[in-house]
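What follows is one structure encoded as structure tokens, with my remarks underneath.
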Amino acid sequence: MEPFVKGMGSEMDYTVAIDDRDATSREYMGRYGVNGIPHAFVVKDGAVVWHGHPMSGLDDAIEDALD
């Protein structure tokens, strides 16, 4: 994963995580019925307040969560 992220350079201006034991995948992707990537989750105070494709409202969801 690291070579891919480095190769993307400034085009990848977000955090990438590796879920080597599938715990996060089960908890988020499974719970919300998500089968594909990219998919983003906005979590506020321990609760998912938005999820969807990063290009479809993520910026607004982050701003709303910060308000």
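Rule-based calculations on the coordinates, nothing more; no lab input. Note that the structure is predicted; figures quoted are calculated from it, not measured. With ideal geometry, Cβ positions are generated from the backbone for all residues, glycine too; neighbour counts draw on all protein chains shown.
Which chymotrypsin sites (Phe, Trp or Tyr not before Pro) in the chain sit in a loop by DSSP (not H, G, I, E or B) and have at most 15 other Cβ atoms within 10 Å of their own Cβ? Each step should come with its number before you reach the end.
Working: sites: F4, Y14, Y28, Y32, F41, W50; in loops: Y14, Y32.
Listed in order of number, the matching sites are Y14, Y32.
Annotation: for a label point projected 7 angstrom from Cα along Cα→Cβ of M55, residues of the range 9-25 with backbone N closer than 19 Å are 9-16.
Let me check against my output: what whole-number percent is the relative contact order of the chain, with C-alpha pairs under 8 Å and at least 6 apart? It would help to have the intermediate numbers written out before the result.
Numbers: 38 pairs, mean separation 11.7, N = 67.
RCO, the chain: 18 percent.
Among the trypsin sites (Lys or Arg not before Pro) within the range 26-67, those in coil by DSSP and having at most 14 neighbouring Cβ atoms inside 10 Å are R31. Considering helices alone, the calculated mean residue ellipticity of the chain at 222 nm is -6500 deg cm²/dmol, with DSSP H runs of length four and up weighted by -39500 (n - 2.57) and normalised per residue. Count Lys and Arg as plus one, Asp and Glu as minus one, and take only other residues whose Cβ is under 13 Å from that of F41; the net charge is then 0.
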